[in-house]
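The structure appears below as structure tokens.
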Amino acid sequence: MRAATAAVLERIREAEMNGWQTYTYLYTAHPDKHMHALGVDAPEVGAIVQGIDTELCRLWDELSAASSDVALVVTADHGHVTVTSDEMVALPPSVLCTLE
């Protein structure tokens, strides 16, 4: 995430120097990838989440210090909770076919 944050900052600096407007999208498969393998309560997952938080703070601090015309949107594709098999819901085929 550190290298990705540095790349985003460099891209935005270049855009600023050239008077360009920019939309920059940064994606990471973490912590989702690790949560699937280790569970949401694993210490390694906590460390990854903390690292992402640190980098997002660094990104925001540098962006907002350089310009007042900046926005940062952070999203996730789902919640990060442990779900046991008895808590899972299987979608019926009539619903699944609409998702194809």
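What is the extension gain from Asp86 to Ala29, computed as 0.36 nm multiplied by their sequence separation minus the C-alpha to C-alpha distance, in nm to one decimal?
Working: separation 57, 0.36 × 57 = 20.52 nm, distance 2.65 nm.
Length difference between fully extended and current span is 17.9 nm.
Leaving ligands, DNA and RNA out of it, rank Met17, Met1 by accessible area with a 1.4 Å probe, largest first. Provide the component values of the computation, followed by the final result.
On the way: Met17 165, Met1 70 Å².
Listed by decreasing accessible area, they come as Met17, Met1.
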Just reorder Glu44, Glu100 by solvent-accessible area, largest first, 1.4 Å probe, all chains present.
Glu100, Glu44
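With all protein chains present and a 1.4 Å probe, how do Ser67, Ser85 order by accessible area, largest first?
Working: Ser67 30, Ser85 100 Å².
So the residues, ranked largest to smallest area, are Ser85, Ser67.
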What per residue convex hull volume, in Å³, do the alpha-carbon atoms of the chain yield?
141 Å³
Less than 19 Å from a label point 7 Å out along the Cα-to-Cβ axis of Leu9: which backbone N atoms in region 55-88 qualify, by residue?
55-74
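Tell me, what is the percent relative contact order of the chain, built from C-alpha pairs under 8 Å that lie six or more residues apart? All intermediate terms of the calculation are to be shown ahead of the outcome.
Values: 39 pairs, mean separation 27.9, N = 100.
Relative contact order for the chain comes out at 28 percent.
With +1 on each Lys and Arg Cβ and -1 on each Asp and Glu Cβ, how big is the dipole of the chain about its Cα centre, in debye rounded to the nearest 20?
Values: 5 positive and 15 negative charges, 46 e Å.
Dipole about the Cα centre, nearest 20: 220 debye.
Set the Förster radius R0 to 30 Å, insert the Cβ-Cβ distance between Gln50 and Leu99 as r into 1/(1 + (r/R0)^6), and round the FRET efficiency to 0.05. Provide the component values of the computation, followed by the final result.
Working: r = 34 Å, r/R0 = 1.13.
It comes out at approximately 0.30.
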Leaving out ligands, DNA and RNA but keeping every protein chain, what accessible area does Trp20 have, in Å² rounded to the nearest 10, with a 1.4 Å probe?
140 Å²
Rounded to the nearest 10 Å², what accessible area does Thr82 have for a 1.4 Å probe in the complete protein model?
80 Å²
Counting only protein heavy atoms and leaving out ligands, DNA and RNA, the solvent-accessible surface of Ser68 at a 1.4 Å probe, in Å² to the nearest 10, equals 120 Å²
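Taking the Cβ-Cβ separation of Asn18 and Ala65 as r and a Förster radius of 25 Å, what is the calculated FRET efficiency to the nearest 0.05? If you can, show how the numbers build up before the last one.
Working: r = 20 Å, r/R0 = 0.78.
E between Asn18 and Ala65, to the nearest 0.05, is 0.80.
The values are calculated or read from the model by the stated rules, or taken from the named source; none is laboratory data. From a predicted model like this one, the values you see are computed outputs, not experimental measurements. Cβ: placed from backbone, ideal geometry, glycine included. Neighbour counts: every protein chain shown. Accessible surface is based on the protein model in full, side chains and every heavy atom, while ligands, DNA and RNA are left aside. Shrake-Rupley method; radii C 1.70, N 1.55, O 1.52, S 1.80 Å.
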